[in-house]
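Input: a single structure, listed below in structure tokens.
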Amino acid sequence: MSSADLMLKAAPPTWNSKLAAVVVLSLVFLSGAAAGAVAMNLGVHNFLHQPAFDTAAGKTIYFERLQKELDLTPAQSEQVQSVLNDFWLYYRTVLSDSKAQVEQLLNEEQRKKFERILQERQPK
């Protein structure tokens, strides 16, 4: 056997460039999917989708964070909770009043669109 014959036998088979591209893209996609699944299982999902602060769950989370990070005494906790409850009540009242004022300015078709826009903003 000549040296040329040995080099041909030892050379690895060449890849079809389209097949190689499909394999590489598939591996990248699967790696991303696996990394996303691991991240979601480690709690990233809950961090990204916390309840709105003006919901009952959101209020609880926010208040507990303040208690912990500020190291509030029981008396302070009670007072802060009262202040926050007043704020949330004020916040909801302002939102409701503002919505009513905007609706008064709109015609029927605009009101329907406005309501749809508001519904899109609601957490699911």
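Values quoted throughout were computed directly from the atomic coordinates according to the rules given, and no laboratory measurement underlies them. Quantities reported herein were computed from a predicted structural model and do not represent experimental measurements. Neighbour counts run over all protein chains shown; Cβ positions are idealised from the backbone, glycine included.
Filtering region 72-124 to residues that are aliphatic (A, V, I, L, M) and not in a helix (DSSP H, G or I) leaves Leu72, Leu106. Here is the figure for region 28-56: residues that are among the polar types (S, T, N, Q), closer than 28 Å to Gln122 by Cα and surrounded by fewer than 12 Cβ atoms within 10 Å (Cβ to Cβ) total 2. Residue pairs whose Cβ atoms lie under 6 Å apart, sitting 6 or more positions apart in sequence or on different chains, and linking a residue in region 53-68 that is free of Cβ contacts under 8 Å to residues at least 24 places away in the same chain and over 14 Å from Asp86 (Cα atoms) to a partner that is not polar (S, T, N, Q) and not in a helix (DSSP H, G or I), are Ala57/Pro51; Gly58/Pro51; Gly58/Ala52; Tyr62/Phe53. Of all residues in region 57-79, those that are of a type in the set (A, V, I, L, M, F, W, C) and loosely packed, with under 10 Cβ neighbours inside 10 Å total 1.
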